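The structure appears below as structure tokens.
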Amino acid sequence: METRRVVLRFPKHLLDKPITSQLVRQFDLEFNILRADITQESEGLLIMGLTGKKANLEKGLRWAREQGVEIQPLSKDVVRNEKACTHCGACINVCPTDALTIDLETRDVIFNANRCIACELCVPACPFRAMEVAF
Amino acid sequence: MKEAFTVPKTYAEINEKIRKGQAVVVTAEEMIDLVEEEGVKKAAEKVDVVTTGTFGPMCSSGAVLNTGHSTPRMKISKAWLNDVPAYCGLAAVDLYIGVTEPQQDDPLNTVHPGQFRYGGGHVIEDLIARKDVRLVAEAYGTDCYPRKALDTWINVKTLNQAYLLNPRNSYQNYNVAVNLSTQRDIYTYMGVVKKDLGSASFCSAGQLSPLLNDPYYRTIGIGTRIFLAGAQGYVYWEGTQHSPSEARGENGVPKCGSGTLAVVGDLKDMDTEFFRGASMLGYGCTAAVGIGIPIPILDEEMARYTAVKDADIVAPVVDYSHNYGHNEGKPLGYVSYAELKSGTININGRDIPTTPLSSYRKAQQIAGILKEWIARGEFFIQEPIQLLPTPDTGQKFKPLKERPVSGGVA
Ligand code: SF4
Ligand code: SF4
């Protein structure tokens with residue numbers, strides 16, 4: 001099993017087609033939508049994590065491309081410098097995907113890289129510059 | 001407030017116990033449970049010292065540095081440390097570097113929100129980390145101080161004196177910042193606050209915070225020995241804006257800002273784990289300072305105070321899109337730290353997610369270290385040599401009353 005985070009762009013004419021659900025059913029994949037938007041050009045933007053067997057992932061993504069969906073892997077990664085992080089929590093409100101949350105029991109700030117869409121909003125919002133862009 | 005206490009203890013008795021390794025020390029969190037389980041009287045008898053802690057952005061911090069004299073000598077009149085201007089109107093080679101000072105060529109907010117990547121707080125952090133810091137200085141030259149220019153590396157290890165001298169730290173309580181504007185997110189010293197009541201920032205360790213555990217400053221005063229950024233430091237004065245006469249709850253805890261402390265301590269003994277330069281997007285540079293204060297349990301009253309819990313401490317919710325900046329309006333309401341720490345508060349019927357700026361995890365760490373120091377007999381309790389102004393002085397933080405100058409610029 002492996003997980004890939006991908007950015008999918010749907011042209012207008014594909015917006016009402018059940019592509020995601022077919023992708024999941026036909027290729028036995030699990031998905032986790034990190035962000036879904038309709039852009040100004042009325043194009044659909046979907047950032048998601050897809051989990052499944054490697055071969056199925058590849059087949060599925062190839063199939064979606066053939067349907068006209070533009071697919072890019074999330075190329076950048078945002079990582080947390082654990083030494084710099086003070087676990088204050090100042091970053092949690094800017095994160096659009098809940099990749100940064102606070103554990104209400106321990107008061108630790110948890111960074112869940114699987115939910116991160118590398119939007120970089122947390123990078124300048126962290127007072128200690130603990131969130132870094134890695135290419 | 002005067003009652004007959006059943007178990008009064010003195011500072012000397014507590015210190016004697018610390019010396020013998022017999023003092024009972026608990027953190028302010030542990031004290032809550034203890035008082036709940038055994039009652040105030042038993043807890044007061046049992047416990048000698050309660051430790052507190054806080055770690056959050058604290059403007060009004062800075063460091064005094066004496067660089068020693070160069071050859072030939074120089075009376076520094078302008079100075080930069082890693083390109084951050086330092087104040088030198090003190091003497092020939094005494095400098096003061098303040099945490100909110102940005103780097104010389106910082107673009108500030110010309111492209112809003114500015115990033116403020118490096119400032120005085122970062123210089124101090126680098127000094128504490130024992131990194132070399134570049135000192136560039138200028139002077140006009142005198143007969144006794146002929147030199148006019150200097151460009152050299154300095155290191156905290158070789159400075160004569162290097163001490164943190166913070167005019168205002170450890171705010172007793174603080175505002176909760178929200179944004180009523182429907183138009184835009186705002187960038188404040190309380191972090192990014194999202195538009196249309198989209199988030200609420202708060203900045204206190206609540207039940208662990210030093211002055212919330214000694215609301216009337218009975219044991220925290222001038223001379224109190226404290227944990228300051230990993231070293232032993234002292235309270236040297238009331239902090240600027242110290243405002244004891246604010247509204248208080250029945251438990252004596254102020255419902256807004258109120259008390260503050262001025263603190264001092266040796267940079268050479270500090271640890272960057274507990275002092276960090278900080279960059280507040282669109283606002284500026286500052287630093288986060290770790291402070292821990294031991295509170296001697298002299299009697300039942302102190303046991304009761306130190307058992308204060310988040311649910312019993314409230315803070316005002318203030319609009320920072322307009323009201324705060326313009327000194328207008330009233331708080332939108334009051335919420336407790338228990339609510340703030342639950343992740344959501346309710347204001348005007350709306351659920352607002354909360355954002356902490358102060359690290360509770362570090363506050364716990366600090367209270368824990370201080371507890372260990374005392375238990376190991378390495379840290380003694382110092383009785384204040386003078387108390388801070390209390391609520392009965394009527395002292396309150398006043399706004400500036402402007403008196404226009406004829407022909408002035410404003
Ligand atoms: S704002 Fe920065 S330091 Fe604070 S919890 Fe988030 S990543 Fe850590
Ligand atoms: S880059 Fe930061 S703000 Fe954006 S999704 Fe990742 S963790 Fe959240």
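Some observations on this one:
- No other residue among A:D37, A:D108, A:D103 is within 13 Å of ligand 1 (Cβ to nearest atom) and exposed (fewer than 12 other Cβ atoms within 10 Å of the Cβ) apart from A:D103.
- Of the criteria (1) in contact (Cβ under 8 Å) with a residue 40 or more places away in the chain; (2) over 24 Å from B:Y118 (Cβ atoms), which one B:D196 fails: (1)
- Residue match in the range B:273-286 (condition: in a helix (DSSP H, G or I) and either over 20 Å from B:P167 (Cα atoms) or more than 16 Å from the chain's Cα centre (by Cα) (or both)): yes
- Elements of the type strands (runs of 3 or more DSSP E) sitting completely within the range B:119-207 and holding at least 1 residues that are more than 30 Å from B:S342 (Cβ to Cβ) and modelled with pLDDT of 95 or more: these cover B:133-138, B:149-154, B:161-169.
- Top-ranked residue in the range B:285-303 [being away from chain A (no Cβ under 11 Å) and of a type in the set (G, A, S); ranked as surrounded by the most Cβ atoms within 10 Å (Cβ to Cβ)]: B:G292
- Unique residue being closer than 30 Å to B:S204 by Cβ and touching a Lys or Arg at 6+ places or on another chain (Cβ under 8 Å) when the list is A:P73, A:P96: A:P96
- Within the range B:234-258, being assigned to a loop (DSSP other than H, G, I, E, B), more than 30 Å from B:K194 (Cβ to Cβ) and either within 14 Å of chain A (Cβ to nearest Cβ) or touching a residue at least 12 places away in the same chain (Cβ under 8 Å) (or both) holds for B:G239, B:T240, B:H242, B:P244, B:S245, B:N251, B:G252.
- Taking the range B:331-385 as the range and being among the aliphatic types (A, V, I, L, M), assigned to a strand (DSSP E or B) and more than 14 Å from every other protein chain (Cβ to nearest Cβ) as the test, the residues that pass are B:V335, B:I347.
- Reported count of residues in the range A:10-24, each being among the aliphatic types (A, V, I, L, M) and in contact with a helix residue (DSSP H, G or I) (Cβ under 9 Å, 6 or more places away or on another chain), is 3.
- Count of residues meeting criterion [within 10 Å of chain B (Cβ to nearest Cβ) and more than 19 Å from A:A130 (Cβ to Cβ)] in the range A:56-111: 1
- Meets criteria (over 30 Å from B:Y234 (Cβ atoms) and within 14 Å of another protein chain (Cβ to nearest Cβ)) for B:L180: no
- Scope the range B:135-166; condition exposed (fewer than 14 other Cβ atoms within 10 Å of the Cβ) and touching a strand residue (DSSP E or B) at 6+ places or on another chain (Cβ under 9 Å); matching residues: B:A149, B:D151, B:T152, B:W153, B:N155, B:N160
- Residue list for the range A:68-82, filter: of a type in the set (D, E, K, R), within 11 Å of ligand 1 (Cβ to nearest atom) and surrounded by fewer than 14 Cβ atoms within 10 Å (Cβ to Cβ): A:E82
- Flag if B:P72 is over 24 Å from the mean Cα position of the chain (by Cα), surrounded by fewer than 21 Cβ atoms within 10 Å (Cβ to Cβ) and within 14 Å of chain A (Cβ to nearest Cβ): no
- For the range B:315-322, the condition of being within 11 Å of chain A (Cβ to nearest Cβ), touching a Leu at 6+ places or on another chain (Cβ under 6 Å) and not in a strand (DSSP E or B) holds for none of the residues.
- Conditions (1) within 24 Å of B:Y217 (Cβ to Cβ); (2) surrounded by 15 or more Cβ atoms within 10 Å (Cβ to Cβ); (3) away from ligand 1 (no atom under 16 Å from the Cβ); number of the one not met by B:V335: (1)
- Strands (runs of 3 or more DSSP E) lying entirely in the range A:42-135 (those with 1 or more residues that are in contact with a helix residue (DSSP H, G or I) (Cβ under 8 Å, 6 or more places away or on another chain) and more than 15 Å from ligand 2 (Cβ to nearest atom)): A:44-52, A:70-73
- Complete set of residues in the range A:112-124 that are more than 14 Å from chain B (Cβ to nearest Cβ) and surrounded by 15 or more Cβ atoms within 10 Å (Cβ to Cβ): A:R115, A:C116, A:I117, A:A118
- Candidates B:V40, B:V50, B:V35, filtered to the one that is touching a strand residue (DSSP E or B) at 6+ places or on another chain (Cβ under 9 Å) and either of a type in the set (A, V, I, L, M) or at positive phi (or both): B:V50
- Test: residue in the range A:83-98 that is within 16 Å of ligand 1 (Cβ to nearest atom), on the phi > 0 side of the Ramachandran plot and at pLDDT below 90: no
The values are calculated or read from the model by the stated rules, or taken from the named source; none is laboratory data. Computed from a predicted structure; not experimentally measured. We place every Cβ from the backbone using ideal geometry, glycine too, and count neighbours over all the protein chains shown.
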